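I have placed the structure first, in the form of C-alpha cells, so that the comments after it can refer back to it.
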Amino acid sequence: MKNIEWCGLHWKTEMEGHRIIHPDQPWMWYDGDQVLPSNDGTLSLYVEHSPARIKHWDGKVYESELACGIIRSEEKIIYGDISADVKLPKGRNLWPSFWLTGAESWPPEIDILEAWSNSNGSYFRMTIPQPPYLVPSWKTTNNVHFINDMEVKDAAGSRSVPIWKQAKDPSENFIRYSVEWRPDKIVFRVGNKVVRTVKDDISIHIARKPMNIIFNIWTTGTDYSLTQPMLIRNFKYTPLETI
C-alpha cells in the first residue's frame with residue numbers, strides 16, 4: 001500500500017479497511033507498485049501478471065494472478081465538481097474507471113467514467129437498438145447506484161457516450177470527464193458537452209452521502225494485454241460551497 005499526495009488530496013492504493021481484493025473479481029489484487037506518479041503531475045495506472053495469495057476479511061485465501069493499479073481518496077466529499085483528463089489504457093479486456101463510492105456504505109456510487117476494451121483492444125462499438133439504424137458509441141459509460149424507495153439496490157442504468165458527443169478515440173487522446181454533483185441533480189460531461197443529467201428521486205436518494213474518489217485499472221478476466229497504461233492528469237475537485 002502507498003500513500004500518495006496528488007492534486008491537493010491524499011490517496012491510498014487500496015480500498016476501505018485496507019482491502020486489496022474484491023471477492024467477485026478474485027483474479028486481481030490492488031498493488032501500490034502499479035501506481036506511478038510523474039514529475040509533471042500525470043498519474044499512470046498499470047496492470048501486470050504478478051501472482052499473490054490474498055487473505056480477505058472473511059478468512060478465505062484467494063490465489064490472484066494480476067496486480068492492478070487503484071487510488072482512493074482519503075478525503076470524503078459531499079457535492080461539488082469533480083473532473084480529470086484521462087487517456088484510456090491500450091490493450092484487450094481492460095476495465096478502467098473514474099468514480100465515486102460511498103465512504104460509509106454501498107451504494108451510493110457515481111460512475112463518472114467506466115470503460116471496457118474488447119478482445120481486439122478497441123473501445124468503439126456499433127449498437128443496433130432497433131433496425132434500421134445504428135448508434136455508434138464508445139464503451140465509456142456513466143451511471144448512478146442508489147437505494148430506492150423500496151430500500152432495494154438500484155441504478156439509473158449504464159449509458160454509453162455516442163461518437164457525435166465525443167469524436168476522438170479515448171485511448172489516443174486525453175478526454176476530460178467530469179460530473180457536477182448537486183443536491184437536486186447529477187450532470188455528466190465529456191469534454192465541454194453535457195452527455196447526461198440525472199435528477200428527481202435518484203439525486204435525492206444519494207443526497208449528503210459522503211463519497212471517496214477512485215481511479216482504477218482492472219480487467220474483465222485473466223486474458224488481457226496492456227501496451228499503454230491508464231494516464232490521468234489535471235484532476236480537480238471543487239467543493240460546492242466554493243463554486
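The values are calculated or read from the model by the stated rules, or taken from the named source; none is laboratory data. Worth saying up front: this structure is predicted, and the values here are computed from it rather than measured. Ideal geometry is used to build each Cβ from the backbone, glycine not excepted, and the neighbour counts take in all protein chains shown.
If the condition is being modelled with pLDDT under 95, farther than 21 Å from Gly221 by Cα and either surrounded by 12 or more Cβ atoms within 10 Å (Cβ to Cβ) or not small (Gly, Ala, Ser) (or both), then region 5-36 contributes Glu16, His18.
Which residues, counting only those in region 174-208, are outside any strand (DSSP E or B) and in contact with a Ser or Thr (Cβ under 8 Å, 6 or more places away or on another chain)? Full working, then the answer.
If we filter region 174-208 for residues that are outside any strand (DSSP E or B), which is where we start, we get 174, 182-184, 191-192, 200-208.
Arg182, Pro183, Asp184 - these are the residues of region 174-208 that are outside any strand (DSSP E or B) and in contact with a Ser or Thr (Cβ under 8 Å, 6 or more places away or on another chain).
Checking every residue in region 37-49 against the condition of being closer than 24 Å to Phe146 by Cβ and either of a type in the set (Gly, Ala, Ser) or assigned to a strand (DSSP E or B) (or both) gives zero matches.
Would you call Trp95 under 19 Å from Thr140 (Cβ atoms) and either touching a residue at least 12 places away in the same chain (Cβ under 8 Å) or touching a strand residue (DSSP E or B) at 6+ places or on another chain (Cβ under 8 Å) (or both)? In short, yes. For region 74-85, does any single residue satisfy the condition of being more than 30 Å from Lys185 (Cα to Cα), of a type in the set (Gly, Ala, Ser) and in a strand (DSSP E or B)? The answer is no, given that none of the residues of region 74-85 is more than 30 Å from Lys185 (Cα to Cα), of a type in the set (Gly, Ala, Ser) and in a strand (DSSP E or B).
Checking the conditions here, which among Trp99, Trp57 is in contact with a Gly (Cβ under 8 Å, 6 or more places away or on another chain) and more than 18 Å from Leu226 (Cβ to Cβ)? Walk me through how you get there before you give the answer.
Numbers: Trp99 fails: in contact with a Gly (Cβ under 8 Å, 6 or more places away or on another chain).
Going through Trp99, Trp57 in turn, just one is in contact with a Gly (Cβ under 8 Å, 6 or more places away or on another chain) and more than 18 Å from Leu226 (Cβ to Cβ): Trp57.
Considering only region 214-237, I want to know if a residue exists there that is touching a strand residue (DSSP E or B) at 6+ places or on another chain (Cβ under 9 Å), surrounded by fewer than 16 Cβ atoms within 10 Å (Cβ to Cβ) and free of Cβ contacts under 8 Å to residues at least 12 places away in the same chain. Within region 214-237, none of the residues are touching a strand residue (DSSP E or B) at 6+ places or on another chain (Cβ under 9 Å), surrounded by fewer than 16 Cβ atoms within 10 Å (Cβ to Cβ) and free of Cβ contacts under 8 Å to residues at least 12 places away in the same chain. Determine if region 90-112 includes at least one residue that is crowded, with 18+ Cβ neighbours inside 10 Å, under 22 Å from Lys185 (Cβ atoms) and touching a Pro at 6+ places or on another chain (Cβ under 6 Å). Yes, some residue in region 90-112 is crowded, with 18+ Cβ neighbours inside 10 Å, under 22 Å from Lys185 (Cβ atoms) and touching a Pro at 6+ places or on another chain (Cβ under 6 Å). In summary, strands (runs of 3 or more DSSP E) completely within region 87-173 and bearing 1 or more residues that are within 25 Å of Lys209 (Cα to Cα) occur at 94-102, 109-115, 135-147, 153-155, 159-162.
Yes/no per residue for (1) without any contact (Cβ under 8 Å) to a residue 60 or more places away in the chain; (2) under 18 Å from the mean Cα position of the chain (by Cα); (3) under 14 Å from Phe215 (Cβ atoms):
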position: Met1; (1), (2), (3): yes, no, no
position: Lys12; (1), (2), (3): no, yes, yes
position: Ile20; (1), (2), (3): yes, yes, no
position: Asp24; (1), (2), (3): yes, yes, no
position: Asp31; (1), (2), (3): yes, yes, no
position: His49; (1), (2), (3): yes, no, no
position: Ser64; (1), (2), (3): yes, no, no
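Residue selection: Glu241 fails the criterion of being modelled with pLDDT of 95 or more, over 22 Å from Leu88 (Cβ atoms) and not small (Gly, Ala, Ser). Filtered by the rule that a residue be at pLDDT 95 or above and surrounded by 15 or more Cβ atoms within 10 Å (Cβ to Cβ), region 38-54 gives Thr42, Leu43, Ser44, Leu45, Tyr46, Val47, Ser50, Ala52.
Is it true that some residue in region 61-71 is in contact with a Leu (Cβ under 6 Å, 6 or more places away or on another chain), closer than 19 Å to Leu113 by Cβ and either modelled with pLDDT of 95 or more or surrounded by fewer than 22 Cβ atoms within 10 Å (Cβ to Cβ) (or both)? Steps first, answer last, please.
Initially, region 61-71 is screened for residues in contact with a Leu (Cβ under 6 Å, 6 or more places away or on another chain), giving 69.
Subsequent filtering for residues that are closer than 19 Å to Leu113 by Cβ retains 69.
Imposing the further condition that a residue be either modelled with pLDDT of 95 or more or surrounded by fewer than 22 Cβ atoms within 10 Å (Cβ to Cβ) (or both) reduces the set to 69.
Among the residues of region 61-71, at least one is in contact with a Leu (Cβ under 6 Å, 6 or more places away or on another chain), closer than 19 Å to Leu113 by Cβ and either modelled with pLDDT of 95 or more or surrounded by fewer than 22 Cβ atoms within 10 Å (Cβ to Cβ) (or both), which makes the answer yes.
With respect to being touching a residue at least 24 places away in the same chain (Cβ under 8 Å) and either within 27 Å of Glu241 (Cβ to Cβ) or of a type in the set (Val, Ile, Thr) (or both), Asp111 fits the description.
Only one residue in Pro183, Pro136, Pro129, Pro162 is surrounded by fewer than 17 Cβ atoms within 10 Å (Cβ to Cβ), under 19 Å from the mean Cα position of the chain (by Cα) and not polar (S, T, N, Q). Which one? Step through it out loud before you land on a result.
Numbers: Pro183 fails: under 19 Å from the mean Cα position of the chain (by Cα); Pro136 fails: under 19 Å from the mean Cα position of the chain (by Cα); Pro129 fails: under 19 Å from the mean Cα position of the chain (by Cα).
Going through Pro183, Pro136, Pro129, Pro162 in turn, just one is surrounded by fewer than 17 Cβ atoms within 10 Å (Cβ to Cβ), under 19 Å from the mean Cα position of the chain (by Cα) and not polar (S, T, N, Q): Pro162.
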